[in-house]
Amino acid sequence: MHILIGLIVVAVLVAGFALGIRLQRGTTPPPLPHEQPRRPATDRLPGEISEFRRAVAVPHLDGARRLSPYQLWGRTERVTAADDD
């Protein structure tokens, strides 16, 4: 009984490898190096966004009460290239 189960498992594994090889042969090969897409001529990575934010003064409260994060939302101002000079 154990031998029969072992043979079935081996047959399923061999069939899986054979099917994988057949499917692999049917796919297109990877592109050659000269067919690869070129990066744009910028110094940044694609999709990278850089911006600098200047902190706005945080209101001072007494020591017993503190601001919650949702009360600080939107308390920065964007710095453009013209403002940074």
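The numbers here are math on the coordinates, done by the rules we state, and not lab data. Since the model is a prediction, treat every value here as computed from it, not as a measurement.
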Between rounded, prolate and oblate, where does segment 1-52 land on the alpha carbon gyration tensor, with a ≥ b ≥ c its root eigenvalues, rounded for a/c under 1.5, else prolate if a/b exceeds b/c? oblate
Assuming 0.36 nm per residue, please report the length gained on full extension of the stretch residue 50 to residue 70 beyond their Cα-Cα distance. 4.8 nm
Give me the extension gain from residue 38 to residue 11: residue separation times 0.36 nm, minus the current Cα-Cα distance, reported in nm with one decimal. 5.2 nm
